[in-house]
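Engineer: There's a structure below that I have some questions on.
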Amino acid sequence: MDLYDAIHHRRDVRAQFTGAPVPDEVLHRVLASAHAAPSVGHSQPWDFILVRDPELRRRFHEHVSAERQVFAATLDVAAAERFAHIKIDGVLESTLSVVVTYDHSRGGPAVLGRHAIADTGLYSACLAIQNLWLAATAEGLGVGWVSFYREEWLADLLGIPAGIRPVAWLCLGPVTHLETVPDLVRHGWRQKRPLAEAIHTDRWGGATSA
């Protein structure tokens, strides 16, 4: 798949996972692509936990469902009605999950390029996630980022050491298809923002002809 095709066809997958196996060589290519991401000071602060165990996934799914209710309770009536129809995870349906973590200590105390902006390490982990997502899309796989969880709870579930932050639980696997329109747009949760509204020239609010 062409890079631009992968970028624009990528979707946050929830309901389309088939549960079919992911060949080892395909999974390796996807993870190698994630590991090839740029990182501040070449610190490569990420790790990837492959979660296949059904019991771990069941427990995580129960936690996600509870957090869904916590969020739903904060919504007004109209938003709650829209949210009720939105599936938020494919934890049980996907082939496996990949938990991406961030280690602030990776690279030692003096990470080149991080002294002024501490979050550049976290940004690096997010770049690895994006690489993984695009590679998976190019391989015909779906990825779904689950964010309805408490970091401390997930760290305890997977035995993640203190000081290492779980950044993302990603559901991964073959899918029946990728939706042409993102789920949240289809369900009327939020519409796409035009590119022109995001471009400024020279300073915030500067007019642009783009």
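The values are calculated or read from the model by the stated rules, or taken from the named source; none is laboratory data. This is a predicted model, so every value here is computed, not measured. Here Cβ is always computed from backbone atoms with ideal geometry, including for glycine, and neighbour counts include all displayed protein chains. Just so you know, the surface numbers come from the protein's heavy atoms only, side chains and all, with ligands and any DNA or RNA stripped out. Shrake-Rupley method; radii C 1.70, N 1.55, O 1.52, S 1.80 Å.
Engineer: Taking every pair of alpha-carbon atoms in region 1-91, give the share separated by more than 23 Å as a whole percent.
Structural biologist: Working: 2005 of 4095 pairs.
In whole percent, the long-distance tail amounts to 49.
Engineer: Count charges around ASP119 for me, please; just the other residues with Cβ under 15 Å from its Cβ, Lys/Arg as +1, Asp/Glu as -1.
Structural biologist: Once all neighbours under 15 Å are counted, the net charge is +2.
Engineer: Given 0.36 nm per residue, what is the gain on full extension from TRP145 to THR18 after removing their alpha carbon distance, in nm?
Structural biologist: Gain on stretching TRP145 to THR18: 44.1 nm.
Engineer: Looking only at the chain, where both bridge partners belong to it, what percent of the DSSP beta bridges are antiparallel (to the nearest 5)?
Structural biologist: In the chain, approximately 95 percent of DSSP beta bridges are antiparallel ones.
Engineer: Once label points are set 7 Å from the Cα along Cα→Cβ at both PHE48 and TYR123, what is their separation, rounded to one decimal in nm?
Structural biologist: If labels sit at PHE48 and TYR123, their model points lie 2.3 nm apart.
Engineer: Keeping every protein chain present and rolling a 1.4 Å probe, give me the accessible area per residue for the chain in Å².
Structural biologist: 57 Å²
Engineer: Another one. Could you please report the charge total around ARG165, scoring K, R as +1 and D, E as -1 over all other residues with beta-carbon less than 9 angstrom from its beta-carbon?
Structural biologist: Values: positive: none; negative: ASP103, GLU151.
Charge balance near ARG165 sits at -2.
Engineer: Also, quick follow-up: So if I average 1/r over every pair of distinct C-alpha atoms in the chain and take the inverse, what Kirkwood radius in Å does that give?
Structural biologist: 18.8 Å
Engineer: Sort out for me the Cα centre separation of region 159-209 from region 7-62, rounded to whole Å.
Structural biologist: 17 Å
Engineer: Using a probe of 1.4 angstrom, how much of the accessible area of the chain is carbon and sulfur, in percent?
Structural biologist: Roughly 57 percent, rounded to a whole number.
Engineer: Within region 141-169, find all residues whose amide N lies under 11 Å from a label point positioned 7 Å from the Cα of ALA73 along Cα-to-beta-carbon.
Structural biologist: None, by backbone N distance to the label point.
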